[in-house]
Each structure stands twice: as C-alpha cells, then as structure tokens.
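This report concerns only the one structure given below.
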Amino acid sequence: ESGVVSTSNYEARKYGVKSGMPIREAIGKLRGTDAVFLPVNHELYSKISQGVMEIVGGYGERFEYASIDEGILEITQTANENFENAKTIAEKIKKEIFEKFRLTCSIGIGPNKLIAKIASDFRKPNGLTVVKPGETDSFLGPMEAGKIPSIGKKSAEFLAALGIRTIAALRNADRGMIVATFGKKIGGWIV
C-alpha cells in the first residue's frame, strides 16, 4: 500500500485513478470493485517498448523515440505525401503490433508533430485519427485549450478564468494579453 500508481487502465481511470496518485488513494477510489494492482516490471516494459518501437520505426524515413510508450514517425516520403497512404501505413503498424505483442495502440496522423500528437490522444484506446491540412481548424477549434501538450491543468484553469476555454478561443485571444498574463517565456510559447 505504499508508493504511487505508475499507470492505470482506462477502466480504472473512470474511477479517477491516474499516474502519480498514491496507492492508498487509488485503493480507496476502487473500493468495492474487482481492481487488481500489479507490481512494476520495468525490464518487461522496456523490452516490449523496444520491440514496438522497432516495428514503428521500420515504416518510415525518420523515427523519434519520445518516451517508453510514445514515438514519432515521419512518413511524408514513404506515404508520397498522401494522407490515405499514411492511414494505410498506420493500419499496418497497428496490425503488426497487435499480432506480435497483443497490444493495441493509438495513432494520430497530421500535417505536423503537434497535430499528430493531439490526434493520437483523440480516440484512445486503440484509435486512429487522420487530420488533413485543411481540417486542422475544425479538428482543433472546439477542443479544450488544455488538450495542447504542455498546457497543464493549472494553465488551462487560468485560461478558462480569462474566458479562454477552447483552442479556437486561444487562437483568437489577444496575444499581448496572453504574454502579459503568463510572462514572455510561457506566454510567448502559448501564443
């Protein structure tokens, strides 16, 4: 009953269990359920992660290892700059990972890394989201501003207090006001 949750499945997340939460708190949230707590096995996770990333990296021209469970694959040339070809490649990646490791994954395809990252989170678990260049505004606009990586809970709450709740509202916000509110470094990055 000591330590913190390293990760939780989607079912446990429905009860409010999340990474970094003290184990005792997670047990309390899951009381009365058939929850199972498993010990951490870093060696196994690293081995599987390496295998998954090798599969992913084999499908494109450049691969960037972002974390143990996230990678970024450049497939612009491989897909001949065609988003339908990119979707076909993503489907092959998902299929190969499932066949080899019995794991699902979520993939986002977009005109840049930021949009692809947001797209990969859009339909978890086991999602595949394609955002073409002409669709970025309609895809991102209605989302909460906090969906942008690096805009954490506190910054999102602060933006909401300013009346900025969506990415569209953030895009249309007064840049000077954002910089004045958050400072040059953070405010400059947000806008």
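The values are calculated or read from the model by the stated rules, or taken from the named source; none is laboratory data. What you see is a predicted model, and the numbers here were worked out from it, not measured in a lab. When we count neighbours, we look across all protein chains shown, and the Cβ atoms used for this are built from the backbone with ideal geometry, even at glycine. In case anyone asks, the SASA skips ligands and DNA or RNA and just uses the protein heavy atoms, side chains included. Shrake-Rupley method; radii C 1.70, N 1.55, O 1.52, S 1.80 Å.
A few notes on this one:
- Pairs with Cβ under 8 Å, 6+ apart, first in region 95-111 and on the phi < 0 side of the Ramachandran plot and among the aliphatic types (A, V, I, L, M), second open to solvent by 30 Å² or more (accessible area, probe 1.4 Å) and part of a helix (DSSP H, G or I): 103/48; 107/94; 109/83; 109/87
- Scanning region 62-84 for residues that are among the acidic types (Asp, Glu), under 13 Å from residue 52 (Cβ atoms) and in a strand (DSSP E or B) turns up just one, 70.
- Single condition residue 186 does not satisfy, out of (1) over 24 Å from the mean Cα position of the chain (by Cα); (2) not in a loop (DSSP other than H, G, I, E, B): (1)
- Tabulated pairs, region 47-59, first of a type outside the set (A, V, I, L, M), second in a loop (DSSP other than H, G, I, E, B) and surrounded by fewer than 17 Cβ atoms within 10 Å (Cβ to Cβ), C-beta under 6 angstrom, 6+ apart or interchain: 49/68
- Selection of first residues in region 160-185 that are small (Gly, Ala, Ser) and of second residues that are crowded, with 17+ Cβ neighbours inside 10 Å and not in a helix (DSSP H, G or I), restricted to Cβ pairs under 6 Å at least 6 apart or on distinct chains, gives the following pairs, ordered by first then second residue: 173/164.
- Breaking point among (1) of a type outside the set (A, V, I, L, M); (2) more than 24 Å from residue 104 (Cα to Cα); (3) open to solvent by less than 40 Å² (accessible area, probe 1.4 Å); (4) outside any helix (DSSP H, G or I), for residue 16: (2)
- Under the condition of being part of a helix (DSSP H, G or I) and open to solvent by less than 50 Å² (accessible area, probe 1.4 Å), the residues counted in region 19-36 number 4.
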